[in-house]
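Asker: One structure, as structure tokens, below. Some questions next.
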Amino acid sequence: MSDIHQDISRVLISADEIQARIKVLGEEITVDYQNEDIVLVCILKGAFLFMADLCRHIRVPVNTEFMAISSYGHSTESSGVVRILKDLNESIAGRNVLIIEDIVDTGLTVSYLEQLLEARKPNSIRICTLSNKPQCHKTPVQIDYCGFILPQEFVVGFGLDYRDYYRNLPYIGVLKPEIYQK
Ligand code: 5GP
């Protein structure tokens, strides 16, 4: 039987750590948006697990929206080029938008998305990411909520993929080098 856990060389953030941190982020967001409501914009595919867990710790009213964008293709380096594969269903004009991302690496994707959504005249727009690699940023990006700071390494799990696999790992980890040679 093939087992995806066997392809991991190191677990960087355990499932328990992820869940505990998401709970704290949900509580912070609840406090910050008191007496308001939020449109959570999940950036697919990577943020689907994070969004699902996070929204259950937010106690102010939320709408959930999904935007699908093209990622790296089969490379592990950012091209900075983002293609919208699926746009939002509803208008965000006058709403409080919270962008939910899996990871900020160069920052090019999230800053592009922020500009794109800003043009639609929301009342406010903030960024919430499960993880961040600040040493890799190529553009200034203001992150309002961040789960974890990661080292400069390619990681998989908890929504993050390699060739669209490994998103279902309950933790964040590093693949064994031989996996890239397949
Ligand atoms: P950025 O535009 O900030 O460089 O990249 C954002 C996107 O690149 C993320 O949404 C994610 O899809 C992908 N990405 C960046 N770093 C990693 C990583 O370490 N692992 C995985 N699986 N994807 C990454």
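The values are calculated or read from the model by the stated rules, or taken from the named source; none is laboratory data. Note that the structure is predicted; figures quoted are calculated from it, not measured. Please note: Cβ atoms are built from the backbone with ideal geometry, for glycine as well, and neighbour counts cover all protein chains shown. The accessibility values were calculated without ligands, DNA or RNA, using every heavy atom of the protein model including side chains. Shrake-Rupley method; radii C 1.70, N 1.55, O 1.52, S 1.80 Å.
Asker: So, by mean Cβ neighbours within 10 angstrom, what's the order for 26-38, 161-173 with the highest one leading?
Answerer: Highest mean packing first, the order is 161-173, 26-38.
Asker: Go ahead and set up a Gaussian network model of the chain, Cα springs under 10 Å, then flag whichever of 109, 129, 139 fluctuates most.
Answerer: Maximum among the listed residues: 139.
Asker: In addition: Just to confirm, what accessible area per residue do you get for segment 105-156 at 1.4 Å probe, in whole Å²?
Answerer: Using a 1.4 Å probe on heavy atoms only, each residue of segment 105-156 averages 47 Å².
Asker: Could you put 108, 25 in order of accessible surface area, largest first, with the 1.4 Å probe and the full protein assembly present?
Answerer: Reading off the accessible areas and sorting them downward yields 108, 25.
Asker: Let me ask you something else. Can you flag which of 138/176; 23/133; 138/182 are past 25 Å Cα-Cα? Show your work: numbers first, answer last.
Answerer: Values: 138/176 27 Å; 23/133 21 Å; 138/182 30 Å.
Those over the limit are 138/176; 138/182.
Asker: Give me a comma-separated list of calculated 3J(HN,Hα) values for segment 37-50, in order, Karplus coefficients 6.51, -1.76, 1.60 applied at θ = phi - 60°, integers in Hz, x for any Gly or Pro.
Answerer: 10, 10, 9, 7, 10, 7, 8, 7, 8, x, 8, 5, 6, 4
Asker: Name the shape class, rounded, prolate or oblate, that the alpha-carbon gyration tensor gives for segment 1-127, where a ≥ b ≥ c are the square roots of its eigenvalues, rounded holds for a/c under 1.5, and otherwise prolate holds if a/b is larger than b/c and oblate otherwise. Please list the in-between numbers first.
Answerer: Numbers: a/c = 2.23, a/b = 1.24, b/c = 1.79.
Oblate shape, in that a/c is at least 1.5 and b/c is the bigger or equal ratio.
Asker: Moving on to the next point. Heavy atoms only, 1.4 Å probe, whole protein assembly: order 91, 124, 131 by accessible area, highest first.
Answerer: Order by accessible area, largest first: 91, 124, 131.
Asker: Along the charge dipole of segment 1-139, pointing to its positive end and built from +1/-1 on Cβ of Lys, Arg, Asp and Glu, which listed residue (41, 108, 66) has its Cα farthest out?
Answerer: Result: 108, furthest along the dipole toward the positive end.
Asker: Okay, moving on. Which peptide among 113-122, 98-107 comes first, and what is the full order, when sorted by highest mean count of other Cβ atoms within 10 Å?
Answerer: Highest-to-lowest ranking by the protection proxy: 98-107, 113-122.
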